[in-house]
Each structure stands twice: as structure tokens, then as C-alpha cells.
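Structure first, then comments.
The values are calculated or read from the model by the stated rules, or taken from the named source; none is laboratory data. These numbers were taken from a predicted model, which means no experiment stands behind them. Ideal geometry is used to build each Cβ from the backbone, glycine not excepted, and the neighbour counts take in all protein chains shown. Ligands, DNA and RNA are stripped out before the accessible areas are found, and what is left, the full protein with its side chains, is counted by its heavy atoms. Shrake-Rupley method; radii C 1.70, N 1.55, O 1.52, S 1.80 Å.
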Amino acid sequence: MNERVLTYMETNHIDGFFISRPENVRYVCGFTGEDSFLLLTKKKSYFITDPRYTEQAALECPQYEIVNWRKPGRNMGDTLADIEAEQHLTNLGFESSHITFDTYSALTDKLKMELIPLTDVIEEFRSIKTQQEIAYSKAACDIASRAFEKIVKDIRVGVTEKEIASKLSHYMVMEGADTKPYGGIVISGARTSLLHGIPSGKAIEYGDLVLMDYGCQYKGYLSDMTRTVVVGKADDRQREVYALESQMVNEVEAILKAGITSVQAYEASIQAIRHTEYMKYNYSGIGHGVGLFVHEPPFIGANGTYQLMTNNIITVEPGIYIPGWGGIRIEDQVLITDSGCENLISATKELIEL
Ligand SMILES: [Mn+2]
């Protein structure tokens, strides 16, 4: 992992690289804890943390020099200034979309070297998954799919959205997911048009749509899927919207492969509704990369500029959201290949009436 980053630094004349985004720290060095930073230099790599994590870091990242930065009267600027002097650094790349203003101020205050804002460097490496990352992602998807088979047996009139959300988490941990909590979306009835609504105490009523957008982590790698079911017999409009939504998802997956652009995927997603009343209830973002973080590049939708590459893992989640009536979303997580895509979510996409 480190090799690719060091090559990038060399090519771009970056002397030191300060990595602060937790997913990027984990990607580069394998550390599974929190609140830690890396400073990579050509000669040596530093793992910067506080005493809560020094023992864990020594176990998980033995090749790094471990530095405790939380000492009385010192801040991150002082810590990096020591390394600047030790390694004779002339510039420092940092993750400009993640660092706080306070940290940035501490760096400008204490460092003599030039500070170079960098964006999406590690994210770009992360968007192409290795075989190991693919295996972990598949395991996370399998766990989420198995939890779906279980949860549909619990959904009935009177059960609340929160109860369903909590049972989903429980099933996934029991099926082998990491225990790190992962907030899912479980919403019902007219609330299903809230794209990112959070589970409430609302009880399920007869005829409700129940939308579940959830997933888990397996060895840090996330799954992200959505299924929408009907409690009772689906009415005509629910059937009509569900059929269109299925068609939207399937038409995207039918064209996905390396080389397809974000906009081509979006265009495929709206074929089914382009000339219907539902076009106005469409959302322009239809997918995103997923890995150590739940929403990561590449972003797929009407405004995207990305061209898919082999071993991207992305979600496919167009939706139809009708304010006051409800929404239907089906979300798969797929692996992009040279010739197509492999759906990692095995849960059925047929309309389920409970
Ligand atoms: Mn998603």
C-alpha cells in the first residue's frame, strides 16, 4: 500500500505527506483504531496518535515510528515541526478536504516548509479494489443479504421503524459483521420519500411501504443495500412504481462495465421514466463508490465525470420519491469488471408483500 503512495510523492515532489482522514490512515497502514494520523516521508513513516492507541499501533503497524502528540503544551504543529527538522523536509502535502481549521492554523504557525493542499489522492487509490478488498466487500454484502432474509419475517403491522433498524443491526453482527455501529435508514409509509430519513418510533401500518437502506462492515469494508417491501397487498400505484424502479436498476446494471461513464449510467437509469409523470420525482445521484467509507469516489449520476474502471465497487440506487405518497428505492452493490458487473447483493429484488 505504502509503495503506491511513496511513488506518488516522488512523482509529484511531495516531501512529506500528512494523512488525516481515518479511512485513508487505515488503507495505508492497516490501523483499525481512531484519532490517528500518518506522516510519510521518503525515509521513514510516522504514526501519530495519543496514549489510548500507542500499544494497538505498535501491534498493527510495526513498521512505523509511533509518536505521541498529545503532550502538555504541545499541538500537532509542534509534533510535525520536530519531524520537519529531523527529516529536513521542504514541503508537506495534507488532505485539504479533511483537516480542521484549527489543525491547519497550528501547522502554518509552527512549520517553515511549504504546505501543499491535496485532494482525493488516497481516495483515488482506494476506488480500485484489490482482491482482498473485494473478498471483504463480498462478505459484508453477504451478511447484509442474509439479514434481509431474516428481517422480512419481523416486519408486520405495529412494529416500529426503530425496532426494525435495531434488529437489522443485531442480525448482521450475529452473522459476522464488525460491531462498529452503522446507522441504517428504516422508514415507512409516506416517510419513504425522505431520501435519507432516519428510523422513528412510527409503527408500521397496513399498506405501508417499508424502505430499508442499510449495510454493515466486515474487516472495515462496507456493504450498502436498499430494499423496499409492502406490508399487506400492494396497491396499483405501489405496483406501478415498483416495476419502474426495478426496471431502472436493471437497465443500469445491464450496461455497467469498465469504460462506461457516470452520465451513461444515469441516462440508463431514467430510460424507464423519462416520458412518465415520475421523471420529476427522480434524484440525479444514482450511486457511489463504497469501501472503507460508505460514500466515496466514484460518484455516479447526472453530474458525474467519472469513467468506470475494472474493480471499482459501486452502488446502483436510482429511486422514485413522491412527496406525501412515499418512495421506492432498490440499491445493489456491484463489482465492475471488464465485460460487465457482478451484483454482490443476493437479496431478491422481486416485490415482497408481507
Ligand atoms: Mn448508498
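The requirement of being in contact with a Leu (Cβ under 6 Å, 6 or more places away or on another chain) and within 16 Å of the ligand (Cβ to nearest atom) is fulfilled somewhere in the range 306-315, by at least one residue.
Taken together, the residues in the range 326-342 that are in contact (Cβ under 8 Å) with a residue 24 or more places away in the chain and surrounded by fewer than 17 Cβ atoms within 10 Å (Cβ to Cβ) amount to 4. Taken together, the residues in the range 148-166 that are open to solvent by less than 90 Å² (accessible area, probe 1.4 Å) and either touching a His at 6+ places or on another chain (Cβ under 9 Å) or of a type in the set (Lys, Arg) (or both) amount to 1.
Going residue by residue through the range 227-249, is there one that turns out to be part of a strand (DSSP E or B), within 16 Å of the ligand (Cβ to nearest atom) and in contact with a strand residue (DSSP E or B) (Cβ under 8 Å, 6 or more places away or on another chain)? Within the range 227-249, one or more residues are part of a strand (DSSP E or B), within 16 Å of the ligand (Cβ to nearest atom) and in contact with a strand residue (DSSP E or B) (Cβ under 8 Å, 6 or more places away or on another chain). Looking at SER169, SER145, SER137 in this structure, which one is among the small types (Gly, Ala, Ser), in a helix (DSSP H, G or I) and open to solvent by 20 Å² or more (accessible area, probe 1.4 Å)? Unique residue meeting the criteria: SER169.
Among the residues of the range 254-299, those identified as more than 26 Å from ASP120 (Cβ to Cβ) and surrounded by 17 or more Cβ atoms within 10 Å (Cβ to Cβ) are ILE270, ALA272, ILE273, TYR278, TYR281, ASN282.
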